[in-house]
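Chemist: Below is the structure I would like to discuss, written out as structure tokens.
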Amino acid sequence: MADTTETPIRPAPAVDHLTVEKRAKLGKEARARAPRSSQGEFHPTAERPDPVSLLERQATTRVPELVPIRYGRMLVSPFTFFRGAALVMASDLATTPRSGLTAQVCGDAHLSNFGLFASPERSLMFDVNDFDETLLGPWEWDVKRLAASVVIAARDQEFTEKEAAAAALQVGAAYRTEMRQLSSMSTLDVWYSRIDVATLLADLQATADVTGAKTDKRMAERTARIVSKARTRDSLQAVDKLTRVVDGERRIISDPPLIVPVEEVFPQLVSDTLTDELHLLLRRYRHSLQTDRRHLLEEFHLLQVARKVVGVGSVGTRAWILLLEGKDTDDVLFLQAKEAEASVLEEFVGRSGYATHGERVVAGQHLMQAASDIFLGYEQVLSPDGVTRDYYIRQLRDWKGSFEIEGSIPPGLTKYAGVCAQALARAHARSGDRVAISSYLGTGPTFDRAIATFATTYADQNQRDYEALQAAAASGRITVAPDL
């Protein structure tokens with residue numbers, strides 16, 4: 001006789017619901033663990049890990065022939081080095097004071113990891129847009145990484161130290177002010193809060209009209225150009241750039257080593273076998289989507305897959321673009337499947353509770369972003385080399401845009417740094433205790449000044465680490481592929 005005993009459902013853990021007063025008290029108590037002024041401290045010791053060794057350790061799990069490209073991109077400037085050195089900074093942040101208050105953090109919150117993208121309702125939003133390193137951790141680590149990136153970017157643009165410090169100060173002030181505002185809002189209002197780009201642009205243009213200042217006018221015009229450009233960066237634009245029609249079928253253009261069709265990456269595999277494996281991946285990934293979006297995806301069929309080199313810090317991880325077709329060769333969808341490795345924060349704050357790193361990334365993005373890509377999902381894949389790897393999948397482009405640091409002016413960088421800090425505060429408030437964090441921050445500039453001090457000190461350390469990578473390249477310790 002069959003066993004009809006049902007497996008008992010494990011109840012969800014109980015959630016403590018503290019009063020606002022008790023939550024505010026937690027923030028005040030956190031000041032005893034880490035006074036706000038201590039957030040400016042960074043004191044590297046003789047035992048500090050060699051930054052080049054940390055990067056070499058990361059390279060051991062990456063595609064060997066792509067690692068020199070990563071080093072080449074990091075060596076372009078101290079800022080591009082910083083973009084690729086998330087592990088180095090995580091190791092350093094682990095030595096700094098912690099408030100003990102946590103949130104879902106980005107883990108790599110530098111200036112270039114914020115930007116524009118389309119909401120499911122087709123409005124243009126501004127938010128954090130990179131979650132490879134996301135994990136539950138100290139919220140102040142994100143703020144410090146953002147502020148340090150501001151100083152490094154300012155130095156790259158040859159701004160004065162005073163201008164760089166002012167921009168970093170704005171990070172702390174904007175984050176603190178926004179978190180205070182969020183702490184006074186209802187829970188649902190916080191959840192639905194977002195930075196609408198149309199409103200942001202209108203505010204900039206209104207300010208320029210009122211002041212008549214050249215700097216305000218320039219910021220408004222530059223933002224308008226970025227917004228206009230972002231609206232053109234979609235699957236159709238990617239198709240025009242990355243594909244051509246061959247014998248009536250659309251194919252991805254091979255451009256090694258940056259874009260290589262999968263049949264060129266693994267020529268030893270039988271084409272039919274490889275195609276079957278890729279279709280299986282796509283079908284399994286669908287189950288991580290909402291049912292309506294799963295139905296939408298089923299309207300497309302897979303044409304081709306190619307490996308694509310992306311970013312700076314991500315170079316060497318396995319990233320694939322998937323070309324799908326709908327009703328005809330002009331009805332296309334580009335997806336990106338990106339390898340998800342362990343977060344750089346993991347060894348310092350512990351593993352996530354998710355079964356795979358792909359699920360960790362997707363869950364973190366849903367938790368931090370006001371709205372996410374409708375095709376955002378995850379899957380675990382047995383690769384042709386016999387290694388099981390985690391991936392997350394999303395659209396390759398969907399109205400994506402970012403602030404261009406090159407050519408910026410000091411007031412523009414300061415304004416942008418403040419908007420990034422506002423977005424970061426909203427992201428943290430969705431998972432962290434916004435009342436406790438706001439209580440910790442207080443109403444005065446103590447935290448702001450500490451963050452600016454830390455940012456300047458860490459920018460100096462970043463310069464030394466950049467020079468260490470330059471020396472490693474010059475001595476032959478690492479192999480570099482420049483200009484790719």
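Chemist: For the stretch 176-233, give me the residue count where each residue is touching a helix residue (DSSP H, G or I) at 6+ places or on another chain (Cβ under 6 Å), among the charged types (D, E, K, R) and at pLDDT below 90.
Modeler: So the answer is 2.
Chemist: So is residue 383 among the hydroxyl-bearing types (Ser, Thr, Tyr), assigned by TED's automatic domain parsing to the domain that holds residue 145 and within 30 Å of residue 292 (Cα to Cα) or not?
Modeler: Considered against the rule, which asks whether it is among the hydroxyl-bearing types (Ser, Thr, Tyr), assigned by TED's automatic domain parsing to the domain that holds residue 145 and within 30 Å of residue 292 (Cα to Cα), residue 383 comes out as no.
Chemist: State all residues of the stretch 430-464 that are touching a residue at least 60 places away in the same chain (Cβ under 8 Å) and more than 24 Å from residue 92 (Cα to Cα); if no residue qualifies, say none.
Modeler: 430, 431, 433, 434, 435, 436, 438, 439, 442, 443, 445
Chemist: Has the stretch 284-294 got at least one residue that is in the same structural domain as residue 254 (by TED's automatic domain parsing), touching a helix residue (DSSP H, G or I) at 6+ places or on another chain (Cβ under 6 Å), at pLDDT 90 or above and not hydrophobic (A, V, I, L, M, F, W, C)?
Modeler: Yes, that holds for at least one residue.
Chemist: Being within 30 Å of residue 22 (Cα to Cα), out of contact with any Ser or Thr (no Cβ under 9 Å at 6 or more places or on another chain) and at pLDDT 95 or above, is that true of even one residue in the stretch 461-473?
Modeler: To start, the set of residues in the stretch 461-473 that are within 30 Å of residue 22 (Cα to Cα) comprises none.
No, that holds for no residue.
Chemist: Only one residue in 261, 257 is assigned by TED's automatic domain parsing to the domain that holds residue 302 and closer than 30 Å to residue 463 by Cβ. Which one?
Modeler: Numbers: 261 fails: closer than 30 Å to residue 463 by Cβ.
Step by step, each of 261, 257 is checked, and only 257 is assigned by TED's automatic domain parsing to the domain that holds residue 302 and closer than 30 Å to residue 463 by Cβ.
Chemist: Looking for something in the same structural domain as residue 309 (by TED's automatic domain parsing), touching a Ser or Thr at 6+ places or on another chain (Cβ under 8 Å) and either in contact (Cβ under 8 Å) with a residue 60 or more places away in the chain or loosely packed, with under 11 Cβ neighbours inside 10 Å (or both) - is there at least one such residue anywhere in the stretch 237-247?
Modeler: yes
Chemist: Suppose the filter is surrounded by fewer than 21 Cβ atoms within 10 Å (Cβ to Cβ) and within 18 Å of residue 421 (Cβ to Cβ); does residue 65 pass it?
Modeler: Judged against the criteria, residue 65 is not a match.
Chemist: Report whether or not residue 100 is closer than 21 Å to residue 343 by Cα, assigned to a strand (DSSP E or B) and not polar (S, T, N, Q). First the steps, then the outcome.
Modeler: Details: closer than 21 Å to residue 343 by Cα: yes; assigned to a strand (DSSP E or B): no; not polar (S, T, N, Q): yes.
The answer is no for residue 100.
Chemist: Based on what the data block shows, is residue 373 within 22 Å of the chain's Cα centre (by Cα), in the same structural domain as residue 317 (by TED's automatic domain parsing) and not aliphatic (A, V, I, L, M)?
Modeler: Working: within 22 Å of the chain's Cα centre (by Cα): yes; in the same structural domain as residue 317 (by TED's automatic domain parsing): yes; not aliphatic (A, V, I, L, M): yes.
It is true that residue 373 is within 22 Å of the chain's Cα centre (by Cα), in the same structural domain as residue 317 (by TED's automatic domain parsing) and not aliphatic (A, V, I, L, M).
Chemist: I've got another one for you. Out of everything in the stretch 249-283 that is out of contact with any helix residue (DSSP H, G or I) (no Cβ under 7 Å at 6 or more places or on another chain) and among the acidic types (Asp, Glu), what residue ends up being modelled with the highest pLDDT?
Modeler: 255
Chemist: Go through the residues of the stretch 404-415 one by one and say whether even a single one is within 20 Å of residue 133 (Cβ to Cβ), of a type in the set (Lys, Arg) and either assigned to a strand (DSSP E or B) or at pLDDT 85 or above (or both).
Modeler: No, the stretch 404-415 contains no residue that is within 20 Å of residue 133 (Cβ to Cβ), of a type in the set (Lys, Arg) and either assigned to a strand (DSSP E or B) or at pLDDT 85 or above (or both).
Chemist: Right, next: I'd like to check something: does the stretch 214-226 contain any residue that is in contact (Cβ under 8 Å) with a residue 60 or more places away in the chain and closer than 30 Å to residue 321 by Cα?
Modeler: Checked the stretch 214-226: at least one residue is in contact (Cβ under 8 Å) with a residue 60 or more places away in the chain and closer than 30 Å to residue 321 by Cα.
Chemist: What number of residues within the stretch 247-294 are assigned to a loop (DSSP other than H, G, I, E, B), of a type outside the set (Val, Ile, Thr) and within 26 Å of residue 66 (Cβ to Cβ)?
Modeler: Result for the stretch 247-294: 8.
Chemist: Could I ask something else about it? For residue 467, all conditions in the list (1) among the acidic types (Asp, Glu); (2) free of Cβ contacts under 8 Å to residues at least 12 places away in the same chain; (3) not assigned by TED's automatic domain parsing to the domain that holds residue 59 hold save one; what is the number of the exception?
Modeler: (3)
Chemist: Now for a different question. If I filter the stretch 122-139 for residues that are within 30 Å of residue 339 (Cβ to Cβ), at pLDDT 95 or above and assigned to a helix (DSSP H, G or I), do I get at least one hit?
Modeler: Yes, because at least one residue in the stretch 122-139 is within 30 Å of residue 339 (Cβ to Cβ), at pLDDT 95 or above and assigned to a helix (DSSP H, G or I).
Yes/no per residue for (1) crowded, with 24+ Cβ neighbours inside 10 Å; (2) of a type outside the set (Phe, Trp, Tyr); (3) part of a loop (DSSP other than H, G, I, E, B):
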site	(1), (2), (3)
371	no, yes, yes
375	no, no, yes
381	no, yes, no
420	yes, yes, no
431	no, yes, yes
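The values are calculated or read from the model by the stated rules, or taken from the named source; none is laboratory data. Small disclaimer: the values here were computed from a predicted structure and weren't measured. Please note: Cβ atoms are built from the backbone with ideal geometry, for glycine as well, and neighbour counts cover all protein chains shown.
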